[in-house]
Structures are given as structure tokens and as C-alpha cells.
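Written out below as C-alpha cells is the structure these notes cover.
The values are calculated or read from the model by the stated rules, or taken from the named source; none is laboratory data. Here the structure is a predicted model, which means the values were calculated and not measured. Here the Cβ is made from the backbone with ideal geometry for all residues, glycine too, and neighbour counts use every protein chain on show. For accessibility, only protein heavy atoms count, side chains too; no ligands or nucleic acids. Shrake-Rupley method; radii C 1.70, N 1.55, O 1.52, S 1.80 Å.
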Amino acid sequence: MTLTVGPSGAGKSTWSAEQGIEVISSDEIRGERNPDGEVRGAQSEIFHEVRMRSAKVLGNGRSVIVDAMHIEPDDRLRQLAIAPADVQKKCALIDRPLEDKQRDGGWRGQKGLVDKYHRLFADHADAALSGDGRVDIEVVDLGTRNGEDEMR
């Protein structure tokens, strides 16, 4: 199971779609509930559905990418908790320059969410880069600091 980790507009969905394995996307689930993709208020129902769908994929013996921001450690840990112990766990950290995210941000940019999550990601990137202190998580840095592909 691979979690994408990065702010709104960073390119997580694009990267996920290019990997050739099943993707469970919080944005797609939001789109099922509202055609413009915006779901106001608490997102707990969305992420409950993300966990349920990704658990089903893993239960069927398939790999899955969970495409969501996963910026805060608790968000990552909640998602990782559904994976059986023998499942490889990865976090793919993805970001790009703020100007690019603002340009492509759509409704999220208009509501200030691109800027908000850009700052929040900067505050939490070190924890994510360290795998939240867990040795069972492989971290792949796809452009958070150096723009290089680095593995821990």
C-alpha cells in the first residue's frame, strides 16, 4: 500500500495514475458525492470510505495507492493501520512550486486551500520524510526538498 503525501495541487493524482496499479482517491469519492468535487464540512465520511475501499483492495491481494493529502501524521497512521502486517507500506511525498499549484488549483485555489495546505505541508514534511519514526514504512521523496527521487 502506497500513500501519497503532499499538499493540494502537488501532482499526487497525476503521479498515482501513472503507476499502473489500482488507486483509491479521496477526490474521486468526493466527486461521487458532488459533481464539482467540493464536499463542505468534516471529511471523516470521505476518509472512512477511502479506508473501506483500500482495505477491500488489499484483502483481495492487490496493491493499492491511496491518493489523498495525508499531510498530518494521524492521517497517515489511520490509513496505514488498515494494512495487514505483511503488506509493504510506502509513503510517496510529492510537491511542486507554490506558483504551479496556484495556477492549476481550480476551485481550491480560489478558496485559499492551495496556500493553506502548502504551509501545513511545510510544517509536517519532516515527520513524513522520517516515516513518522516507523521502520516499516518506505519513504519515497518525489520532490519535497531536492526535486530528486530519494528513498529512505
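Summary of computed values
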{"item": "Assigned charges on the beta-carbon of Lys, Arg, Asp, Glu; region 21-100 dipole about Cα centre (debye)", "result": "460"}
{"item": "Fraction of accessible area attributable to carbon and sulfur, the chain (%, probe 1.4 Å)", "result": "47"}
{"item": "Solvent exposure, largest accessible area first (probe 1.4 Å, DNA, RNA and ligands not counted), of Lys90, Lys101", "result": "Lys90, Lys101"}
{"item": "Cα-projected label distance for Arg134 with His48, points at 7 Å along beta-carbon direction, nm", "result": "2.2"}
{"item": "Extension gain, Asn34 back to Ile21 (0.36 nm per residue minus Cα-Cα distance, nm)", "result": "2.1 nm"}
{"item": "Magnitude of the charge dipole, the chain, Cβ model with Lys/Arg +1 and Asp/Glu -1, debye to 20", "result": "340"}
{"item": "Structure-based [θ]222 nm, the chain - -39500 (n - 2.57) summed over DSSP H runs of at least 4, per residue, nearest 500", "result": "-12500 deg cm²/dmol"}
{"item": "Where GluC sites (Glu not before Pro) in DSSP loops with at most 15 other Cβ within 10 Å are excluded, longest remaining stretch of the chain", "result": "39-147"}
{"item": "Solvent accessible area, Å² - Arg33, 1.4 Å probe, full protein context", "result": "120"}
{"item": "Taking N as its residue count, the alpha carbon Rg of the chain over 2.2 N^0.38 Å", "result": "0.99"}
{"item": "Residue-normalised accessible area of region 1-108, given per residue in Å² at a 1.4 Å probe", "result": "51"}
